[in-house]
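The values are calculated or read from the model by the stated rules, or taken from the named source; none is laboratory data. Given the structure is predicted, the values throughout are model-derived calculations rather than measurements. Note: ideal-geometry Cβ built from the backbone for every residue, glycine included; neighbour counts use all protein chains shown.
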Amino acid sequence: MTKLLLIDDHVVVRSGLKFILASQFPDAEIDEAEDGDTALQRLKEKVYTLAILDIKMPNTNTLQLMEFIHSTYPGLLVIIFSMNSESIYAKRFLKAGAKGFVNKDAPLEEVIKAIHQVLAGKRYISENMLAQLAEFGSQDEDQNLFNNLSPREFEITALLLKGDGISHIAHSLNLQVSTVGTHKSRIFEKLKVTNLIELKELATSYGIE
């Protein structure tokens, strides 16, 4: 039996996905999780075929969650379903082990296509993303400054954008305050910003916030 897990903090989104999936896979077993902790609990209890994962959820580092799922449950297929910029996030999450990335603005037909394609053992990349990769080629990394960040820098950037201070970030990530400060300086240098206001403006321009 196909077993599906919907991981999203918005009940309306989960309900919509559940309706879509139930119509496509009437015999499937569909469970829900509203955050990373609940998702991990579900994964301990049951072996799922496919998980559909949102990027931004309270108290959840979804990139770390994706990496953990990929290493701990390598047989689980994961599709990222998010409002966040595909051009920034898709490559990072695909590299972390996701099999597809679908924007929440995508037509219903594309969502269904992505699910069927991933369940068939293939990766799903949207036509828009394929066009970007074809256009920029090897220069793609330079077109999006956030792609130049290391996984740790990207993680700290996300926390800075949330409004977390250096001390709070250090405590959350179990790092020294000085280490987080060094990362912050490197982040600002790579992104060519000088303060948090500029960082937020840049993130907004890339559709990250």
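Please tell me if LEU21 is in the same structural domain as SER87 (by TED's automatic domain parsing), farther than 22 Å from VAL111 by Cβ and part of a helix (DSSP H, G or I).
On the way: in the same structural domain as SER87 (by TED's automatic domain parsing): yes; farther than 22 Å from VAL111 by Cβ: no; part of a helix (DSSP H, G or I): yes.
So LEU21 does not fit the description; no.
ILE115 passes every criterion in (1) part of a loop (DSSP other than H, G, I, E, B); (2) of a type outside the set (Gly, Ala, Ser); (3) over 10 Å from the mean Cα position of the chain (by Cα) apart from (1). One residue stands out in region 24-40 among those that are touching a Leu at 6+ places or on another chain (Cβ under 9 Å) and assigned to a loop (DSSP other than H, G, I, E, B): the one that is surrounded by the most Cβ atoms within 10 Å (Cβ to Cβ), namely PHE25.
When region 1-18 is limited to residues that are assigned to a loop (DSSP other than H, G, I, E, B) and more than 20 Å from the chain's Cα centre (by Cα), the one that is modelled with the highest pLDDT turns out to be THR2. Residues in region 155-172 that are among the acidic types (Asp, Glu) and under 19 Å from the mean Cα position of the chain (by Cα): GLU155 only.
Just one of the listed residues (VAL13, VAL102, VAL111) is within 27 Å of TYR206 (Cβ to Cβ), in contact with a Lys or Arg (Cβ under 8 Å, 6 or more places away or on another chain), crowded, with 16+ Cβ neighbours inside 10 Å and β-branched (Val, Ile, Thr), namely VAL13.
With (1) assigned to a strand (DSSP E or B); (2) at pLDDT below 95 as the list, and ILE80 as the residue in question, which single condition is left unmet? Unmet condition: (2).
Of the numbered criteria (1) under 18 Å from LYS18 (Cα atoms); (2) part of a helix (DSSP H, G or I); (3) touching a residue at least 24 places away in the same chain (Cβ under 8 Å), the one GLU109 fails is (3). Residue selection: ILE169 fails the criterion of being of a type outside the set (D, E, K, R), more than 29 Å from LEU17 (Cβ to Cβ), modelled with pLDDT of 95 or more and not assigned by TED's automatic domain parsing to the domain that holds ILE55.
Restricting LEU94, LEU130, LEU43 to residues that are hydrophobic (A, V, I, L, M, F, W, C), assigned to a helix (DSSP H, G or I) and surrounded by fewer than 16 Cβ atoms within 10 Å (Cβ to Cβ) narrows the list to LEU130. With respect to the conditions (1) over 30 Å from ASN148 (Cβ atoms); (2) surrounded by 21 or more Cβ atoms within 10 Å (Cβ to Cβ), ASN84 falls short on a single one, namely (1).
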